[in-house]
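The values are calculated or read from the model by the stated rules, or taken from the named source; none is laboratory data. Note that the structure is predicted; figures quoted are calculated from it, not measured. So basically every Cβ, Gly included, is an ideal-geometry build from the backbone, and we count neighbours across all protein chains shown.
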């Protein structure tokens, strides 16, 4: 079971590095903004006073701006995880080439990517409701780590195969399913 870790070590290390960057930069931006907001409102917090709405409006707009700036990065990271990682595994390519491939799909097939995003969101909501139902149906035994994993295991398997099926529709360059040739025709027995 060690062969995938050794075989894909370079790709995995590069992917982990860039995932950390894509995760830490927005998080650091939000923490810096909230740190400035806390410093600005610290005296109000200590004295338990409130100001008018106009005083809070620039801070709320700033938070909205940060969310709007990082939303495209979050969407690209989502598509990179769903489409770029399998592409890297198939072509044994660098992170940069996987990003180019994902960018090509997002720019040239935006409707397909949007439909995929909406379907995945709907699947996530449905999974939450099914998990809650499973929790109630099993008298909360599904909350136990091992049992919960076994009960909900079909969902992550389906989600990954669904992603690979959707990715295969973009063309043979994105098809990760093994292609097996049809069996040879048997000679007719007369």
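A few points about this structure:
- Filter result for residue 39 (surrounded by fewer than 11 Cβ atoms within 10 Å (Cβ to Cβ), more than 23 Å from residue 117 (Cβ to Cβ), under 20 Å from the mean Cα position of the chain (by Cα) and modelled with pLDDT of 90 or more): no
- Identity of the residue in region 118-159, in contact with a helix residue (DSSP H, G or I) (Cβ under 7 Å, 6 or more places away or on another chain) and modelled with pLDDT of 90 or more, that ends up nearest to residue 79 (Cα to Cα): 159
- Residue within region 128-146 that is within 15 Å of the chain's Cα centre (by Cα), under 29 Å from residue 20 (Cα atoms) and part of a helix (DSSP H, G or I) present: no
- Any chance residue 113 is surrounded by 14 or more Cβ atoms within 10 Å (Cβ to Cβ), modelled with pLDDT of 90 or more and not in a helix (DSSP H, G or I): no
- Residue pairs meeting the criteria (Cβ under 8 Å; at least 6 apart or on separate chains; first within 14 Å of residue 98 (Cα to Cα), in region 6-19; second surrounded by fewer than 14 Cβ atoms within 10 Å (Cβ to Cβ)): 11/92; 12/5
- All conditions but one from (1) under 29 Å from residue 155 (Cα atoms); (2) over 22 Å from the mean Cα position of the chain (by Cα) apply to residue 86; the one that does not is (2).
- Any hit, region 12-22, residues being part of a helix (DSSP H, G or I), touching a helix residue (DSSP H, G or I) at 6+ places or on another chain (Cβ under 7 Å) and farther than 30 Å from residue 175 by Cβ: no
- Residue check, residue 167 touching a residue at least 40 places away in the same chain (Cβ under 8 Å), in contact with a helix residue (DSSP H, G or I) (Cβ under 6 Å, 6 or more places away or on another chain) and in a loop (DSSP other than H, G, I, E, B): no
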